[in-house]
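**Q** Quick one: the structure is below, and I'll ask about it shortly.
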Amino acid sequence: MLLYDLNFIINDVNRAGEVFTGYARDELVGEPVSIIAGDTETVDDIIETLVRGEPWRGDFALQTKFGTRVYGRGSTAPIVVDGKTKGYVAVFVDTTKQQRYASTSRVLSRLLRHDLRNELNLMYGYIDRAATKTDDPDALASLRKARQQVEQIVGRSDQVRDLRDLLEQSYDAESRPVRLAEVLEERVVAARKQFPEADISLGQIPGVRVYADDLLSAAFDALIENAVVHNDKEVPEVEVDVLDRQTDVVVRVRDNGPGVPLEQEDLIFGREDVDVVHHGTGLGLFLVDSIVSNYDGTAWVEENEPEGATFAIRLQHASDTAVGENVSEPIRED
């Protein structure tokens, strides 16, 4: 909530407003409301509406102290005393998370449509080849490939559907303090059951809470699954460990697979739209990046010596000073 005068100079802000904007109260009081404007057109519309003596309601974009753009929905209205307008009050709700999840959901829908079209075309080609042959080894091979493509389509469709369901369930979920050890231990146990052929180990986990929601489990599942499924060793080895850096923690998932080129990080996490569509097998990592971003965290990839890759995510400590606050710049290295 903000209070500002007739000249649109901020007079007061509550604690939620400090967390929302990243500014301390003393940094905002005395400043024009434009200091937090992420969309000048919307600010102009708000001012014009208030000057007419009317309340304003709608969506807006806000620029935090750290340069991050966040989105909100709310209203602002004149404060009238004895028939005279003395100032204005604004009440806003952060909708950044909902908008990010909605955007992720749209990308997943596009992925599903694109992959289905391409893989169905491949399947029809294999079936057509097989139809022209009888008892021929090539025809049998084509039929086997067609069967594999059908299985991939079904599996991909199920995966996208499940991911969309998770996102939709989390639109209105509030991020909160989550016990990291509890979530990680549960997901590692589940992964060992799902991939009995893999050697999955879990290091010591600090007893900290992190800023997250129910989707954190899905992020860990995707990281571990990626380390196993894309591993070319007879026995995939996966190590999960946690580094506590006091204000945040870094969770690393190491594997002994073929490794990944570091310069392809944006492609791997689906940050480049065209590559997300082209590389549909990266759905899990795309989801990881989307989830962690919504916690004001970071995801990246590192080399793993002597072989393999390391996928890392940074999560904020859920303390009184960290929960809900933005950080100025992600710290990736130890």
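**Q** Please work out if Asp221 is part of a strand (DSSP E or B), modelled with pLDDT of 90 or more and surrounded by fewer than 21 Cβ atoms within 10 Å (Cβ to Cβ).
**A** In short, no.
**Q** Which one is surrounded by the most Cβ atoms within 10 Å (Cβ to Cβ) among residues in the stretch 68-82 that are among the polar types (S, T, N, Q) and within 14 Å of Ile47 (Cα to Cα)?
**A** Looking at residues that are among the polar types (S, T, N, Q) and within 14 Å of Ile47 (Cα to Cα), I get Thr76.
**Q** Mind checking which residues of the stretch 44-59 are in a strand (DSSP E or B) and touching a residue at least 24 places away in the same chain (Cβ under 8 Å)?
**A** Asp59
**Q** Note down all Cβ pairs under 9 Å where the first residue falls in the stretch 216-240 and is free of Cβ contacts under 8 Å to residues at least 12 places away in the same chain, the second is surrounded by fewer than 21 Cβ atoms within 10 Å (Cβ to Cβ) and charged (D, E, K, R), and they're at least six residues apart or on different chains.
**A** Glu234/Glu197
**Q** In addition: Restricting attention to the stretch 254-269, does a residue exist that is modelled with pLDDT under 80 and within 17 Å of the chain's Cα centre (by Cα)?
**A** yes
**Q** Look at Ala227 and say whether it is hydrophobic (A, V, I, L, M, F, W, C) and within 17 Å of the chain's Cα centre (by Cα).
**A** Criteria not met by Ala227.
**Q** Any idea which residue in the stretch 60-79 is nearest to Tyr23 (Cα to Cα), counting only those that are part of a strand (DSSP E or B) and of a type in the set (S, T, N, Q)?
**A** Only one residue tops the list, namely Gln63.
**Q** Please specify each residue of the stretch 1-58 satisfying the condition of being hydroxyl-bearing (Ser, Thr, Tyr) and surrounded by 14 or more Cβ atoms within 10 Å (Cβ to Cβ).
**A** Tyr4, Thr21, Tyr23, Thr42, Thr49
**Q** Scan the stretch 171-187 residue by residue and report those that are out of contact with any Phe, Trp or Tyr (no Cβ under 8 Å at 6 or more places or on another chain) and either surrounded by fewer than 19 Cβ atoms within 10 Å (Cβ to Cβ) or not assigned by TED's automatic domain parsing to the domain that holds Asp244 (or both).
**A** Asp172, Ala173, Glu174, Arg179, Ala181, Glu182, Glu185, Glu186
**Q** Can you pull out every residue in the stretch 41-85 that is under 34 Å from the mean Cα position of the chain (by Cα), β-branched (Val, Ile, Thr) and at pLDDT 80 or above?
**A** Thr42, Val43, Ile46, Ile47, Thr64, Thr76
**Q** Sticking with this structure for a sec: Regarding Asp255, is this residue more than 13 Å from Glu302 (Cβ to Cβ) and in the same structural domain as Ala318 (by TED's automatic domain parsing)?
**A** No: the conditions fail for Asp255.
The values are calculated or read from the model by the stated rules, or taken from the named source; none is laboratory data. Because the structure is predicted, anything quoted here is derived from the model rather than measured. Neighbour counts are summed over all protein chains in view; Cβ atoms, including those assigned to glycine, are modelled from backbone coordinates with ideal geometry.
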